[in-house]
Amino acid sequence: MYNTGMFRLAFLVSLALLGGLARAGVPPVDMDTAAQLYQQAAIREQVRASLGSMPAQIRKLFQGNTSTPLTDSQLQAVNLAATRAFRIDVFDAPALSAFAANLDADTLKKSEAFLATDAGKQMVAADLGLASLSDADADKVMNGDISAPSTPQRDVLFEKLERAERSSESTVQILLTMATAVAAGTAVGSGMDPGPVEQRARKSGEASRQTWEENMREPMRRYMAYGYRDLNDADLKRVLSFLQSTEGKRYISAYLASLGAGFYAMGKRCGEQLGESFRELAMAQLTTERAESAQPAPAKPRP
C-alpha cells in the first residue's frame, strides 16, 4: 500500500479520515496496544524509506505553483526546510495517535491475526519493497516500462485490490494535502493568516480531483502488480478478502489516517520553516536594495 517517486505517497491518506479523526461512537484503543500493530504493519519503516526524496518533491511542488522561478537561495531554503521537517521523529507521534484513534478492539484483533499469516507477512514485505524503490524505478513501473508477468485473472484481482486500498484517491489526496500543509505552514512562518491561504490551496485542486483519480487508477494497478509479484493468486485472494471485510476496511482507514496525520505534520512544519526562511531572504534583499539606493551617484566627469 505504498508508493515512491512523485506518487510515493499513494497509499498514505484516506479521503474521509484525513487528520486522524476517530470514528464516531467507536472507542479507540490505547496507544501502547496500537503501537504493536503499528510496528507489525511496518508503517514507520515504509515512511522512513520515503523521506530521502521529500526535498526534491517539495521543490517540485513549489516550482510547479509559482510563475516566478525560485532563486538559488530559495531553492537552498526549500531543501533545508524539507530535510529538517520530513523526519521520522516528526511523523511518529501524530501518526500513532491517529492510528490508535481510528482502531477498535475487534479491528485490532482481526488485523493482528491477518498480518501474522503468510499472506499478511508477504503483503507487508511487498509494501516495504515498494517504499524502497528508487524514484526512477517507481516511475518506470507506473509507466509500464518495468512490469511483472500477469494473467487476466490476476489483472482482475489487482483491479479489486486497487479499489479496496483506495490507492488512486489517496494519491490525489496526498498531493492536495501536501500542498495545503506546506502552504499553510509557509503562511504561518511568514507571519500571515494561514486560513485564507489554506482555503485557496484546497479549492485549487478540487475541480480536477475526479479526473486525477481516474488517471491514476491504471498506474496504481501496475504498481501493485509489480510490488505484489511474488504473491500467488491464492495469497492475493486472502489479502483481498481481509481488505474487503469490515475489519479490513477499518484497518485501511486507520492506516491511511495515521499516515495522513503524520505527513500533514511534517508538511506543515516544512512550510513554517520555509516561510521563516523566505521572510529572512526577502528582508536581506530589501536591505541590500536600500543600501544600493543610498550609494551616492558617481560624479559626472568635467567637460
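The values are calculated or read from the model by the stated rules, or taken from the named source; none is laboratory data. Please read all numbers here as calculations on a predicted model, not as lab measurements. Methodologically, a virtual Cβ is constructed for each residue, glycine included, from the backbone with ideal geometry; neighbour enumeration extends over all protein chains shown.
Mind telling me which of the residues 101, 131 ends up being of a type in the set (A, V, I, L, M) and within 22 Å of residue 223 (Cβ to Cβ)? 131 is the lone residue from the list that is of a type in the set (A, V, I, L, M) and within 22 Å of residue 223 (Cβ to Cβ).
Output the helices (runs of 4 or more DSSP H) that fall wholly within region 184-303 and possess 3 or more residues being modelled with pLDDT of 80 or more and of a type outside the set (Gly, Ala, Ser), or say none. Before you say what the answer is, go through the steps one by one.
Values: elements: 194-206, 209-227, 233-244, 246-294.
The qualifying helices (runs of 4 or more DSSP H) are 209-227, 233-244, 246-294.
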